[in-house]
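The values are calculated or read from the model by the stated rules, or taken from the named source; none is laboratory data. Keep in mind it's a predicted model, so treat the numbers as computed, not measured. FYI the Cβ positions are ideal-geometry reconstructions off the backbone, even for glycines, and counts take in every protein chain you see. Keep in mind that these areas ignore ligands, DNA and RNA; they rest on the heavy atoms of the full protein, side chains included. Shrake-Rupley method; radii C 1.70, N 1.55, O 1.52, S 1.80 Å.
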Amino acid sequence: MTLKDKKVVIIGGSSGMGLAIAKAAVAEQAKVVIAGRSPQKLEDALAEIEDNVLVYPVDITDMASLQGFFQREGEIDHLVIAGGFVKWGGFKEMPVEDAIAAMNSKFFGQYRAIQAATVCPGGSITLFSGVLSRRPKVGTAAVTAVNAAVEGLGQALAVELAPVRVNVIAPGLVKTPAYSAMPDGERQAMYESAAKALPVGYVGEPEDIAAVALMLMTNPYITGTVIDVDGGSRLVQ
Ligand SMILES: NC(=O)c1ccc[n+]([C@@H]2O[C@H](COP(=O)([O-])OP(=O)(O)OC[C@H]3O[C@@H](n4cnc5c(N)ncnc54)[C@H](OP(=O)(O)O)[C@@H]3O)[C@@H](O)[C@H]2O)c1
């Protein structure tokens with residue numbers, strides 16, 4: 001199975017792992033549509049990729065926005081959802097409203113997008129969780145719960161939406177703009193310390209995840225999986 005002339009929608013495709021997936025799919029001659037909230041980020045992504053890509057503003061916390069988007073797109077071959085808000089914080093200290101907002105964005109955002117989309121039989125849906133689903137740390141209860149919920153959703157939908165295939169990518173730490181708000185020194189220190197601890201000896205790049213996302217789109221025998229792409233993080237951290 002190839003991606004040539006396949007219609008691939010990537011929500012969260014204007015940054016980080018989603019953008020790397022968009023570039024890799026375009027390189028395989030797919031027709032790619034990138035969606036996200038910020039018109040500026042979408043324009044920047046369009047300028048970076050140029051050919052065989054369209055961009056469209058969508059907010060996964062807003063069902064009407066998703067319905068309008070997918071009505072316009074019609075039937076698609078592959079859907080990737082690589083975005084959503086998460087919040088870290090001590091369980092006792094973090095307001096429950098922040099945990100609800102994270103669940104509403106990252107978990108229900110993916111849930112809504114799949115409900116609104118029409119994916120053709122034999123096509124695929126790829127969701128994003130994260131290593132914390134099964135390797136929690138102090139201060140990550142809400143993110144851990146959101147990621148675990150995404151993994152449960154992916155497996156349930158692999159059964160219910162068949163013959164559409166549904167899989168989940170669980171990344172470890174990956175160098176993306178998600179960390180751009182951190183001071184440079186702090187971010188570098190985090191990457192260096194993570195790299196030392198990881199069996200692979202380096203922190204993941206968005207392209208590492210894109211390679212797996214393309215494999216999930218094109219391998220017809222994979223569904224209902226959660227694939228850890230984390231440099232071995234869950235074994236050592
Ligand atoms: N980077 C890591 O170390 C890491 C580790 C574990 C798991 N993950 C997970 O992997 C996924 C991708 O992360 P990333 O690091 O590549 O993120 P990123 O670089 O921050 O990109 C996130 C993308 O999602 C879009 N987005 C965010 N909220 C949205 C919303 N409500 N509606 C539509 N689009 C939205 C963003 O565009 P707009 O802001 O313009 O909407 C952007 O295109 C996320 O689910 C993240 O939780 C990341």
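Residue by residue through the range 39-54, note down the ones that are within 22 Å of residue 117 (Cβ to Cβ) and either open to solvent by 60 Å² or more (accessible area, probe 1.4 Å) or near the ligand (Cβ under 10 Å from one of its atoms) (or both).
Result: 39, 41, 42, 45, 52, 54.
Would you please name the residue that is least open to solvent (accessible area, probe 1.4 Å), looking only at residues in the range 184-223 that are more than 16 Å from the chain's Cα centre (by Cα) and in contact (Cβ under 8 Å) with a residue 60 or more places away in the chain?
Among residues in the range 184-223 that are more than 16 Å from the chain's Cα centre (by Cα) and in contact (Cβ under 8 Å) with a residue 60 or more places away in the chain, the one least open to solvent (accessible area, probe 1.4 Å) is 218.
Which of the residues belonging to the range 116-136 are surrounded by fewer than 18 Cβ atoms within 10 Å (Cβ to Cβ) and touching a residue at least 40 places away in the same chain (Cβ under 8 Å)?
Scanning the range 116-136 gives 118, 120, 121, 122, 134.
For the range 64-93, which positions are touching a helix residue (DSSP H, G or I) at 6+ places or on another chain (Cβ under 6 Å) and among the polar types (S, T, N, Q)?
Once the filter is applied, which keeps residues that are touching a helix residue (DSSP H, G or I) at 6+ places or on another chain (Cβ under 6 Å) and among the polar types (S, T, N, Q), the range 64-93 yields only 67.
Across the range 150-176, which residue is nearest to the ligand (Cβ to nearest atom) among those that are part of a strand (DSSP E or B) and among the hydrophobic types (A, V, I, L, M, F, W, C)?
174
Tell me which residues, restricted to the range 18-35, are out of contact with any strand residue (DSSP E or B) (no Cβ under 6 Å at 6 or more places or on another chain) and part of a helix (DSSP H, G or I).
Hits for the range 18-35 are 19, 20, 23, 24, 27.
Restricting to the range 87-103, and then to whatever is within 16 Å of the ligand (Cβ to nearest atom) and at pLDDT 95 or above, can you tell me which residue is most open to solvent (accessible area, probe 1.4 Å)?
100
Could you run through the range 200-237 and say how many residues are at pLDDT below 95 and among the hydroxyl-bearing types (Ser, Thr, Tyr)?
Total satisfying the criteria: 0.
Listed residues 31, 106; which is surrounded by fewer than 22 Cβ atoms within 10 Å (Cβ to Cβ), basic (Lys, Arg), under 23 Å from residue 212 (Cβ atoms) and within 20 Å of the chain's Cα centre (by Cα)?
31 is the lone residue from the list that is surrounded by fewer than 22 Cβ atoms within 10 Å (Cβ to Cβ), basic (Lys, Arg), under 23 Å from residue 212 (Cβ atoms) and within 20 Å of the chain's Cα centre (by Cα).
What is the number of the single condition among (1) among the small types (Gly, Ala, Ser); (2) away from the ligand (no atom under 11 Å from the Cβ); (3) under 19 Å from residue 213 (Cα atoms) that residue 130 does not meet?
(2)
Considering only residues that are within 18 Å of the chain's Cα centre (by Cα) and open to solvent by 60 Å² or more (accessible area, probe 1.4 Å), which ones fall in the range 174-183?
175, 177, 178, 179, 180
Yes or no: residue 58 closer than 30 Å to residue 159 by Cα, within 12 Å of the ligand (Cβ to nearest atom), touching a residue at least 60 places away in the same chain (Cβ under 8 Å) and not aromatic (Phe, Trp, Tyr)?
no
Name the residues in the range 55-81 that are more than 15 Å from residue 108 (Cα to Cα) and either small (Gly, Ala, Ser) or modelled with pLDDT under 95 (or both), would you?
Of everything in the range 55-81, those that are more than 15 Å from residue 108 (Cα to Cα) and either small (Gly, Ala, Ser) or modelled with pLDDT under 95 (or both) turn out to be 68, 74.
Any residue at all in the range 63-76 that is of a type in the set (Gly, Ala, Ser), surrounded by fewer than 16 Cβ atoms within 10 Å (Cβ to Cβ) and away from the ligand (no atom under 15 Å from the Cβ)?
Scanning the range 63-76, I find at least one residue that is of a type in the set (Gly, Ala, Ser), surrounded by fewer than 16 Cβ atoms within 10 Å (Cβ to Cβ) and away from the ligand (no atom under 15 Å from the Cβ), so the answer is yes.
Quick one: residue 167 ticks every box in (1) over 30 Å from residue 121 (Cβ atoms); (2) polar (S, T, N, Q); (3) open to solvent by less than 30 Å² (accessible area, probe 1.4 Å) bar one, so which box is it?
Of (1) over 30 Å from residue 121 (Cβ atoms); (2) polar (S, T, N, Q); (3) open to solvent by less than 30 Å² (accessible area, probe 1.4 Å), only one is false for residue 167: (1).
Under 8 Å between Cβ atoms, at least 6 apart or on separate chains: pull out the pairs that start in the range 7-21 with a residue that is more than 6 Å from the ligand (Cβ to nearest atom) and of a type in the set (D, E, K, R) and end on any residue that is at pLDDT 95 or above and not in a strand (DSSP E or B).
Taking only residues 6 or more apart or on different chains, the pairs are 7/30; 7/73; 7/75.
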